[in-house]
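Q: Right, I'll just put the structure down here and ask away after.
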Amino acid sequence: MNPLAPPGVYAPQEDTELLAGALSDEPLPPGAEVLDVGTGTGALALEAARRGLRVTAVDVSRSAVWAARLNARLAGLPLRIRHGNLFDPVRGETFDLILANPPYVPAPRGDRTPRGAARAWDAGGDGRLVVDRICREMPALLRPGGVLLLVQSALSDPDLTVGRLRVSGLKAAVTRRHRIAFGPVLRGRERWLRGRGLLSAAENEEELVVVRAELPV
């Protein structure tokens, strides 16, 4: 998974790999409809397309849309790529699988709208600015039996994500966990996170999780 990632576009990292592993476990028939929101370089969308799935990829960043189109062309894989904010470009459509690697890192100035590359990770003071929107809006885009796979940090309360998806009528659970060393973003706000009680004094790794939610048939 080595797509081109121009400056300002989120490059595939451990969270991408974790979500790709969850994608590989899903028994989807060829031709199933997949939506990848916040596609970035298109890495996950391309993984799905390699399985013969019909993939739509969306990103709010024009640079990311350009990068995903370039990577799809280089890979020789068909992707339908749209520029827009989360689900806005696909209103009224439904999918068999939705992939989401949204911003999920709590930000010290959570009242400010993230700009530039920070849009890929900053998600308000509690890290749930986009995750909560996905929980609210995503169920309307799933077909019966359809699945959401979402990756987020333990810092942004996966249990709350599971609870909100269940309230919406989905079967939801954390299905994968993986601990990683702090990256540059977390290192830069480590003191603030500890002060907020989001990291204990002993923690020196971040836990990533995949939340899987399924709309009953």
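Laboratory data are not the source of any read-out in this text; all were calculated from the coordinates shown. Note that the structure is predicted; figures quoted are calculated from it, not measured. In this analysis, Cβ positions are derived from the backbone assuming ideal geometry, glycine residues included, and neighbour counts consider all displayed protein chains.
Q: Taking segment 143-217, which GluC sites (Glu not before Pro) meet the DSSP loop condition and have no more than 16 other C-beta atoms within 10 Å? Show your work: numbers first, answer last.
A: Numbers: sites: Glu190, Glu203, Glu205, Glu206, Glu207, Glu214; in loops: Glu203.
Within segment 143-217, the qualifying GluC sites (Glu not before Pro) (loop, at most 16 other Cβ atoms within 10 Å) are Glu203.
Q: With just the Cα atoms defining each centre, how far is segment 103-172 from segment 1-29? Give it in Å.
A: Going from one Cα centre to the other spans 17 Å.
Q: Here is a follow-up. Would you mind checking which residues have amide H under 5 Å from Asp126's amide H? H placed 1.01 Å from N; only 5 or more apart, or other chain.
A: Amide H neighbours of Asp126, under 5 Å, 5+ apart: Ala107.
Q: Sorting check: for 126-132, 55-61, 172-178, 143-149, which peptide has the highest mean count of neighbouring beta carbons within 10 Å, and how do the rest follow? Please report the intermediate quantities before stating the final value.
A: Numbers: 126-132: 22.1, 55-61: 24.4, 172-178: 15.4, 143-149: 19.0.
Peptide ranking by packing, descending: 55-61, 126-132, 143-149, 172-178.
Q: Compute the acute angle (0 to 90°) between the alpha-carbon long axis of helix 62-75 and the principal axis of greatest extent of the alpha-carbon atoms of the chain; round to the nearest 10°.
A: Once rounded, one gets 50 degrees.
Q: For the chain, what is the convex hull (Cα atoms) projected area averaged across all directions, in square nanometres?
A: Values: hull surface 44.2 nm².
Mean projected area of the Cα convex hull: 11.1 nm².
Q: Run the helix sum for the chain: -39,500 (n - 2.57) per DSSP H stretch of 4+ residues, divided by residue count, reported at 222 nm to the nearest 500 deg cm²/dmol. Walk me through the numbers on the way to the answer.
A: Numbers: 7 runs with 63 residues, N = 217.
After summing the helix terms and dividing by the residues of the chain, the value is -8000 deg cm²/dmol.
Q: Tell me the chymotrypsin sites (Phe, Trp or Tyr not before Pro) within segment 1-101 that lie in a loop according to DSSP and have at most 12 other beta-carbon atoms within 10 Å. Could you put the intermediate results ahead of the total?
A: Details: sites: Tyr10, Trp66, Phe87, Phe95; in loops: Tyr10, Phe87.
Within segment 1-101, no chymotrypsin sites (Phe, Trp or Tyr not before Pro) qualify (loop, at most 12 other Cβ atoms within 10 Å).
Q: In debye, nearest 20: dipole of segment 70-171 around its Cα centre with unit charges on the Cβ of K, R (+) and D, E (-)? Working shown, then result.
A: Details: 15 positive and 10 negative charges, 52 e Å.
I would put it at about 260 debye.
Q: Could I ask something else about it? What trypsin sites (Lys or Arg not before Pro) in segment 62-105 are in a loop by DSSP, with at most 11 other Cβ atoms within 10 Å of the Cβ? Spell out each step's value before the answer.
A: On the way: sites: Arg62, Arg69, Arg73, Arg80, Arg82, Arg91; in loops: Arg91.
When the trypsin sites (Lys or Arg not before Pro) of segment 62-105 are filtered for loop state and at most 11 Cβ neighbours within 10 Å, Arg91 remain.
Q: Let me ask something additional. With axes computed from alpha carbons, what is the tilt in degrees of helix 158-167 against the longest principal axis of the chain, rounded to the nearest 10 within 0 to 90?
A: That helix lies at roughly 50 degrees to the long axis.
Q: Treat every Asp and Glu Cβ in the chain as -1 and every Lys and Arg Cβ as +1, leave all other atoms uncharged, and give the resulting dipole magnitude about the Cα centre to the nearest 20 debye. Don't jump to the answer; show the numbers that get you there.
A: Working: 29 positive and 25 negative charges, 100 e Å.
Using only the charged Cβ atoms, the result is roughly 480 debye.
Q: I want the antiparallel fraction of DSSP beta bridges within segment 14-214, as a percent rounded to 5. Working shown, then result.
A: Working: 17 of 36 bridges.
Close to 45 percent.
Q: For segment 130-144, what does the Karplus curve 6.51 cos²θ - 1.76 cosθ + 1.60, with θ = phi - 60°, yield as ³J(HN,Hα) per residue in whole Hz, taken in order and with x for Gly and Pro?
A: Listing the rounded values in order: 8, 4, 5, 5, 4, 4, 6, 9, 5, x, 5, 9, 9, 7, x Hz.
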